[in-house]
C-alpha cells in the first residue's frame, strides 16, 4: 500500500490552506518519514511509490498518527455524550462524521472516527456502493475517475472531516468535498498523513482547511 510520488528532499510540516502554516511536531514527522519507504518504478517505470505498510505494522507509530489526524476535532471527548456533533473543543464544534477515501483512507479514517465518537463514511469508487448514491467525476492526468457516497451518508448540519493517507494532485479530495456539500453537510477540514508538495494539490482545494502530518518534496 502506498501512493505515487516523485523523488526529492522531504520536509516536515503541518500546513493549512489560506496562507497560515504551522510546523508539525518534528518527532512525529521523523516517525512517519522513517516508516514510509520509496519503491522505485512501481507500479510502472518512472513512478516512485510511497509504501505505508511499515508504518501500519508499527502499532505505536500507527496509534500516534491516528491521534495526530484526530487532533483538534474533538479527541477523546468526542466519545462522550454529545448531540449531532455540536459539542465543542477549544471553541470549535466537533466533527460528526469522518469520510475516508478508498482505499487506504479507510485504514486511517475508521480509527479517527472511533477516537472522535463520530460516524465513519466510506467514499468509494463508482459501482461499489449498494444503495442510491451521489457521484462526482474528476479529471486525471489521462482520463477521468468517479467516486460515490450514499445519498443518506450525510445530513444537513453534519461537520465532516476528510481523511486520507496521501494528498497528491488533490483531485479526489476536491471531489469528496463536493459530494459532502451536495448532501448539505459542511467540510470541517481535510487531514492526511503525507502530502506530495511538489504536485501543488492545494491549488485545487481553495477555501478548505488542509493539514498534512508530513510534507514530502515541498
Q | Square roots of five times the Cα gyration tensor eigenvalues for region 81-218, Å | A | 23, 19, 13
Q. Given 0.36 nm per residue, what is the gain on full extension from residue 125 to residue 63 after removing their alpha carbon distance, in nm?
A. 19.6 nm
**Q.** Relative contact order of region 91-218, pairs being alpha-carbon contacts under 8 Å that are 6 or more residues apart, as %
**A.** 23
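Every number here is computed from the coordinates shown, using simple stated rules; none is lab data. If you're wondering where the values come from, they're calculated on a predicted model, not measured in any experiment.
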